[in-house]
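Here is the structure we will look at, set down as structure tokens.
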Amino acid sequence: MQRSSAALSRPPAPHLDEGGVLDGGFEPLASLFGMPLFTDLAEARLSEARRHGFIACLICVEMDDFDGIRSRHGRLVADAAMLSVAELLRLSLRREDMVALTGDATFVVLLMHCDGVSAHAKAESLRLAMTSMDPTGTGLTVSVGVAAGVPGPGLRFDLLMTRATDALASARARGGDCVVVETAPSLTRLESVAPTH
């Protein structure tokens with residue numbers, strides 16, 4: 001497969017500095033939080049949410065078969081696809097929302113003042129947008145897990161992160177390219193599955 005000149009010009013893979021901020025020359029990624037700083041800020045925002053009784057949700061987004069894309073098309077193409085996902089997330093979210101890169105091709109998003117229904121709609125909109133853009137021609141799809149928070153003491157980052165990653169695992173288990181929402185630990189999961197092509 002012939003790579004575009006834009007993909008070939010990408011710098012080396014990004015890394016986190018001591019403050020948890022991404023660097024390494026990836027402009028879209030440089031605007032995202034690393035997990036140490038993201039965790040601290042998310043805990044502070046959720047503490048405020050508990051005090052004032054408002055809601056928040058957490059979304060985990062993972063590029064499907066990222067290792068396969070890198071194996072088939074090379075690291076430069078895989079990195080270009082990851083950059084496109086990061087840029088779409090950055091441009092699609094509100095100023096009060098936060099995005100972090102948790103590892104290769106996995107992102108976490110904190111949505112403040114957002115209930116489960118709205119978070120589900122946002123996650124599905126992001127999934128469709130990422131699938132349709134496919135800038136590198138690799139057949140890009142994503143799996144998305146959503147943890148819908150409820151006002152009260154359970155609105156904690158560690159609990160939301162556990163539930164969002166569990167929902168993401170469920171989305172992967174369904175074959176990817178779908179959204180799974182956990183409205184609460186004891187409630188039935190909502191699932192949004194991509195149409196069969």
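A compact table of results
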{"item": "Conditions (1) at pLDDT 95 or above; (2) over 18 Å from LEU58 (Cα atoms); number of the one not met by GLY145", "result": "(2)"}
{"item": "Cross-chain or 6+ apart pairs with Cβ under 9 Å, the range 146-174 first and without any contact (Cβ under 8 Å) to a residue 40 or more places away in the chain and farther than 15 Å from ILE55 by Cα, then open to solvent by 20 Å² or more (accessible area, probe 1.4 Å) and in a helix (DSSP H, G or I)", "result": "ASP158/THR39; ASP158/GLU43"}
{"item": "Close pairs (8 angstrom Cβ cut-off, 6 or more residues apart or separate chains): in contact (Cβ under 8 Å) with a residue 24 or more places away in the chain in the range 118-131, of a type in the set (D, E, K, R) and not in a helix (DSSP H, G or I) anywhere", "result": "ARG127/ASP177; THR131/ASP177"}
{"item": "Among (1) at pLDDT 90 or above; (2) closer than 18 Å to LEU159 by Cα; (3) among the β-branched types (Val, Ile, Thr) - the single one VAL117 does not satisfy", "result": "(2)"}
{"item": "Residue among ALA100, ALA119 that is touching a Leu at 6+ places or on another chain (Cβ under 8 Å), buried (at least 19 other Cβ atoms within 10 Å of the Cβ) and not in a helix (DSSP H, G or I)", "result": "ALA100"}
{"item": "Residues of the range 61-80 satisfying the condition of being outside any helix (DSSP H, G or I) and among the aliphatic types (A, V, I, L, M)", "result": "VAL61, MET63"}
{"item": "Residue match in the range 127-139 (condition: of a type in the set (Gly, Ala, Ser) and closer than 30 Å to SER47 by Cβ)", "result": "no"}
{"item": "Any chance ALA30 is at pLDDT below 90 and either within 30 Å of PRO151 (Cβ to Cβ) or not basic (Lys, Arg) (or both)", "result": "yes"}
{"item": "Which numbered condition PHE66 misses (of (1) in contact with a helix residue (DSSP H, G or I) (Cβ under 7 Å, 6 or more places away or on another chain); (2) farther than 25 Å from ARG172 by Cα; (3) among the aromatic types (Phe, Trp, Tyr))", "result": "(2)"}
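The values are calculated or read from the model by the stated rules, or taken from the named source; none is laboratory data. Only a predicted model underlies this, so the values are computations on that prediction, with no experimental measurement involved. Cβ coordinates were reconstructed from backbone atoms using ideal geometry, including for glycine residues, and neighbour counts include every protein chain displayed. Ligands, DNA and RNA are excluded from the accessible area calculation, which covers all protein heavy atoms including side chains. Shrake-Rupley method; radii C 1.70, N 1.55, O 1.52, S 1.80 Å.
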